[in-house]
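Novice: My structure is below; once you've seen it, I'll send some questions.
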Amino acid sequence: MSEPDFTEPAAFSLALANENATAQLMADLALLIGPGDVITLSGDLGAGKTAAARAMIRYLASDSELEVPSPTFTLAQSYDLPSFPLIHADLYRINDASELEEIGLAPLPDGVVALIEWPERADGTLPPDRIDIALSHRPALGSVARAAEITGHGKAASIVLRLKALREFLEEARFLDATRQRMAGDASTRSYARLVRGDDVFILMNAPKRPDGAPIYDGKSYSAAVHLAEDVKPFVAIANGLRAQGISAPAIHHADLDAGFLITEDFGTTPVIEGEPPAPMAERYQIATDMLALLHSKPLPATLPLLPHVDYAIPVFDTDALLVEIGLMPEWYLPDRDAPLTDGARTEFVTMWRELLAKPAAAPKTWVLRDFHSPNIIWLDDREGINKVGVIDFQDTVLGPAAYDLVSLLQDARIDVPEQLELTMLTRYIKARRAADPAFDAAAFAELYAIMSAQRNTRLLGTFARLNRRDGKPHYLKHQPRIWTYLNRSLAHPTLAPFQQWYATHVPPPRG
C-alpha cells in the first residue's frame, strides 16, 4: 500500500500561547517526520521561526540545553541527531535562489531533514513535497502568543493530516499540555515519546496503519505474509491478554485504534543488562526465563477480546510464514556477500527447510511474543516474582512453538549471551516445565530450540541486511557476526547436520 497521492494541500491552524506550546507542537511534528522531509518556517522578523526550529532540534537531540544558534550568518547549520541528520537553514541573506547550490541546499542532501527559515527567498526552488509553518504574532492572546498555519504540500499533506489527528487525540485525552521527551525508535515504522505531566510519566505510541513492503509474497506484503502487526489493535489485545495471565504488560490509558495512537503506562528504563559492552544480568535472566516457563505451562486462548463484541484472533506461525522469514537471507544477505544462490541451490534450501519445519508445525502451540529480548524487557524492581519482568513489545505475537521466545531471550541479537549462561537458562526452563508437567519431553524441546534458533538467526541475517539497504539503518549490520555465532551453535545439533553442511557450502560469514 502506497501513501495517498494528495493533489490538494492539507492545512490546519492553531494558537500557540507561549514557547512551551510551540515546543509541544514541534515535538509532535518530530514524531511523524523522517529523512527526506522538508519543513519551512515563514513569518515576519520576531515571529518565532528560530524558536520553533530550536525546539524541534532540542527535542530530537534529547537535550533541552543544546546550543542552537540562529543560522542567519552561517546560512546553514548541520546536526547529527540520533534519529537522522538535520540541516537548519536561514535564507534571509540569500539574494538569489542560485546561491542555494553554493551552501549545499540545492539540491538538498539525501537522507536529511531540512528546517528552512525564510523559504520565500528560495524563489520556488524548494521541493514540492514539504510542510510549511507560517507563524504570526497574536498580541490579543498574550504578549508572546503566536498563531501557526500548518500546510502540507504534495506527499507531506499526509503528515499534516496525521499531525492534526495526533493533536486532537492528545487534547481529548487531556495530554496536550504535557511535556514531550523523545524516545528512541525501533526497527519498525512506529515512533514513541514520553509524556510528562507533573510527577506522572506516560508513553505516547504513534503506530500508523502500514504494511511492511510491497505485495510480493503471493499478493501479500511481508508483514501480512509473516503475521506482523500492521496497526495497534494486536498490541492492545495482547497487552490486555498478558495482564490477564499475570504478566507485566503496560496498561492502556487512552487509545484511538483507527488512527493508531496509544497512551500507555511507562515502565521506565531499568534494563536486564549491564556494563560496557552490555551483558546479561544473570538474576534478571533467571526471572525472565521463569516467566516464559510459567506462561508456556498454561493453556492460553487463541482469541482475545478487543472491543465489545469484537475479538482478536492470534495468527498461527505457520510453515509458510516461517519460510518467508528465512527467505530474507538469500534475498538480502547473500547478495550483500556476493554469493547469490543458483536456482538449484535455492530450491534445495526451501525444500530442506519445509521438511524440517514440519517438526515445529506439529508441536504444541503457545503465545510466541516473538521479540522477547533485552531491548523489550524492562526490570520492575518494585514488583514481585515474575512481575518484575515488564514486557513492552508484543504486538507481533503468534501461536507457535514455545522454544521460539526462549531462543529470542538466550540468543539476543543485540548483546552477547555467553554460551554457558544460555545452557544454564535452558536447563532452568526445562526443569520448570517438567515440574509443572512430568510428561514434558526435554529432548524434543531441545531439538525444537535448535530448529527455531536456526530459523530465527537465518531470518535475522537477512532482516538486518534489509534494514541497512532498504531502510537506511546501517547500524544493524554490527550485529550480524553475533547472529552468525548463534546460528552455528544451533547448526551443531545432530538434527541439523545437513543444514550445517549446506550453510558451509553456500553462506559466507558476515564482514567484520
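Novice: Toward the positive end of the charge dipole of the chain, about the Cα centre and with charges on Cβ (Lys, Arg +1; Asp, Glu -1), which of Ala302, Pro481, His137 goes farthest?
Specialist: Ala302
Novice: As a test question: what accessible area, to the nearest 10 Å², does Met452 have when a 1.4 Å probe is rolled over all protein chains in place?
Specialist: 0 Å²
Novice: Follow-up. Between beta-carbons, use under 13 Å as the cut-off and find the net charge around Phe175, counting Lys and Arg +1, Asp and Glu -1.
Specialist: Residues near Phe175 contribute -3 overall.
Novice: Can you pull the percent of segment 161-231's accessible area that's carbon plus sulfur, 1.4 Å probe, other chains left in place?
Specialist: Solvent-exposed carbon and sulfur of segment 161-231 make up 47 percent of the total.
Novice: Compare the Cα positions of Ser221, Leu60, Tyr449 along the charge dipole of the chain (+1 at Cβ of Lys, Arg; -1 at Cβ of Asp, Glu; about the Cα centre) and return the one farthest towards the positive end.
Specialist: Tyr449
Novice: In debye, nearest 20: dipole of segment 154-272 around its Cα centre with unit charges on the Cβ of K, R (+) and D, E (-)?
Specialist: The calculation lands at about 300 debye.
Novice: Ignoring any ligand, DNA or RNA, what whole percent of the accessible area of segment 394-512 comes from carbon and sulfur when the probe is 1.4 angstrom?
Specialist: 56 percent
Novice: Here's another thing I want to ask about it. Which one of Thr151, Pro69, Leu108 is farthest out on the positive end of the charge dipole of segment 57-160, using unit charges on Cβ (Lys, Arg +1; Asp, Glu -1) and the Cα centre as origin?
Specialist: Looking along the dipole axis, the top candidate is Thr151.
Novice: List the residue ranges in the chain for DSSP H helices whose C-alpha atoms run 24 angstrom or more along the long axis and whose Kyte-Doolittle average is 0.0 or above.
Specialist: Long hydrophobic helices here: 442-469.
Novice: A further question on this structure: Across all directions of projection, what mean area in square nanometres is found for the Cα convex hull of the chain?
Specialist: Convex hull of Cα atoms, orientation-averaged projection: 26.6 nm².
Novice: Right, something else. Using a 1.4 Å probe and ignoring any ligands, DNA or RNA, find the accessible area of His493 and quote it in Å² to the nearest 10.
Specialist: Accessible area of His493: about 50 Å².
Novice: For the chain, what is the calculated [θ] at 222 nm in deg cm²/dmol (nearest 500), taking -39500 (n - 2.57) for each run of four or more DSSP H residues and dividing by its residue count?
Specialist: Rounded to the nearest 500, the figure is -11000 deg cm²/dmol.
Novice: Another question, if that's okay. Tell me which trypsin sites (Lys or Arg not before Pro) from segment 41-104 have a DSSP coil assignment and no more than 16 other beta carbons within 10 Å of their own.
Specialist: Arg93
Novice: Pairs of alpha-carbon atoms within less than 8 angstrom and 6+ residues apart define the contacts here; what relative contact order does segment 346-493 have, in percent?
Specialist: 21 percent
Novice: Here's another thing I want to ask about it. Does segment 266-373 come out rounded, prolate or oblate by the C-alpha gyration tensor, with a ≥ b ≥ c the root eigenvalues, rounded set by a/c under 1.5 and, if not, prolate when a/b is larger than b/c and oblate if not?
Specialist: Because a/c hits 1.5 or more and a/b fails to exceed b/c, segment 266-373 counts as oblate.
Novice: Using the crude model of +1 on Lys and Arg Cβ and -1 on Asp and Glu Cβ, and no other charge, please compute the dipole size for the chain relative to its Cα centre, in debye to 20.
Specialist: Around 1180 debye, computed over the chain.
Novice: Sequence gap at least 6, Cα distance under 8 Å: using those rules, report the relative contact order of the chain to the nearest whole percent.
Specialist: Relative contact order, the chain: 12 percent.
Novice: Let me ask another. DSSP loop trypsin sites (Lys or Arg not before Pro) in segment 438-493 with at most 11 other Cβ atoms within 10 Å of their Cβ, which ones?
Specialist: Those that pass, being in a loop and sparsely packed, are Arg470.
Novice: Relative contact order for segment 220-357: what percent, with Cα pairs under 8 Å and sequence separation of 6 or more?
Specialist: 22 percent
Novice: So in the chain, what percent of DSSP beta bridges are antiparallel if you round to the nearest 5?
Specialist: The answer is about 80 percent antiparallel.
Novice: Among residues other than His88 whose Cβ falls under 10 Å from its Cβ, what is the net charge (Lys/Arg +1, Asp/Glu -1)?
Specialist: -1
Novice: If you take every residue apart from Ala106 with its C-beta less than 13 Å away from the C-beta of Ala106, what net charge results, scoring Lys and Arg +1 and Asp and Glu -1?
Specialist: So the environment of Ala106 carries a net charge of -4.
Novice: Taking a quarter of the surface of the convex hull around the Cα atoms of segment 369-512, what do you get in nm²?
Specialist: 10.3 nm²
The values are calculated or read from the model by the stated rules, or taken from the named source; none is laboratory data. These figures come from a predicted structure and were not determined experimentally. All Cβ positions, even for glycine, are placed from backbone atoms using ideal geometry, and neighbour counts span all protein chains on display. Each accessible area value is taken on the protein alone, full model and side chains, heavy atoms only, with ligands, DNA and RNA left out. Shrake-Rupley method; radii C 1.70, N 1.55, O 1.52, S 1.80 Å.
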